[in-house]
Amino acid sequence: MLKPLDDVFDADPRYRNMVVGTPSDIRLMTLEDHHGLIGAITLNGHVPTHVRTAFERARNAFLYAWFVYDLTPLAQSQGYAALEMALRARVGPRPDGKNWGGLGSLIGEARKRGLFNGLVLPDSNPADFEHTVLLARTLRNELAHGSEHLSMPGMALRSLEDCALLINHLFAPGASGAP
C-alpha cells in the first residue's frame, strides 16, 4: 500500500523494535544508525562508474527502506545487479559471441579465470565463499523472477556487504587481469 502522505517520513513500523548496541548498552535503532550501517558499505575507487552508480541505487533503496520496509528486496536485487554488472565488466564478452547468461555463469567464469583468488571473507573460512556465492545466486534469482521474499534488514545489509566485497575484489589494485 502507498504510505499516507502524513506518514511518509515516519519509520516503517517494522523498524520500531530493532535494536543496536552492545550487550551492556542496547538501545532502539535510529535512522542515524541505519544510515551509518549502509554508509560503511563502500566500493573502492577502481570500480567502474556504471557499477558504482548501480550499487549506489542499492544503498539508497536500502536507506529508504527505513520508511518503507518493502524496499528491502529492491535494494538487494539492485545490489546483485551491480555485482552482475561488475562481473560482466571484468569477464568481458564470451569468445563465441554468445551471452554469458546470468549471475551464475558469470561467477563460474570468474572463478575459472581465478578472479576470486586471494579473496578474504570476514570469517576467513574457505567454505564461506561457497555459501556467499550460493546465497547471491539464489537470492538474485528469486528476486529477479518475482517473489514475496522480504529479508530482515540484517540479511539485506549482509547481501549488500557481500556484493561490495566481491565487487571490490574484482577491481582491487593489482587484481589478476584488472583493468
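The values are calculated or read from the model by the stated rules, or taken from the named source; none is laboratory data. All of these numbers come straight from a predicted model, not from anything done at the bench. Note that we place each Cβ from the backbone using ideal geometry, even for glycine, and neighbour counts take in every protein chain shown.
Observations, loosely collected:
- Of all positions in the range 46-67, at least one carries a residue that is part of a helix (DSSP H, G or I), among the small types (G, A, S) and touching a residue at least 24 places away in the same chain (Cβ under 8 Å).
- Matching residues in the range 105-125 - criterion: being free of Cβ contacts under 8 Å to residues at least 40 places away in the same chain and surrounded by 17 or more Cβ atoms within 10 Å (Cβ to Cβ): L106, I107, E109
- Candidates A89, A11 - the one that is touching a residue at least 24 places away in the same chain (Cβ under 8 Å), more than 26 Å from A144 (Cβ to Cβ), of a type in the set (A, V, I, L, M, F, W, C) and buried (at least 16 other Cβ atoms within 10 Å of the Cβ): A11
- The lone criterion from (1) crowded, with 20+ Cβ neighbours inside 10 Å; (2) under 12 Å from I167 (Cβ atoms) left unmet by W66 is number (2).
- Of everything in the range 59-82 that is hydrophobic (A, V, I, L, M, F, W, C) and touching a Leu at 6+ places or on another chain (Cβ under 6 Å), the residue that is farthest from A11 (Cα to Cα) is A61.
- Summed over the range 82-105, residues that are assigned to a helix (DSSP H, G or I) and more than 14 Å from the chain's Cα centre (by Cα) total 6.
- Qualifying residue in the range 26-44 (condition: basic (K, R) and either touching a helix residue (DSSP H, G or I) at 6+ places or on another chain (Cβ under 6 Å) or surrounded by 14 or more Cβ atoms within 10 Å (Cβ to Cβ) (or both)): no
- Evaluated against (1) in contact with a strand residue (DSSP E or B) (Cβ under 8 Å, 6 or more places away or on another chain); (2) modelled with pLDDT of 95 or more; (3) of a type in the set (D, E, K, R), R27 falls short on exactly one condition, (2).
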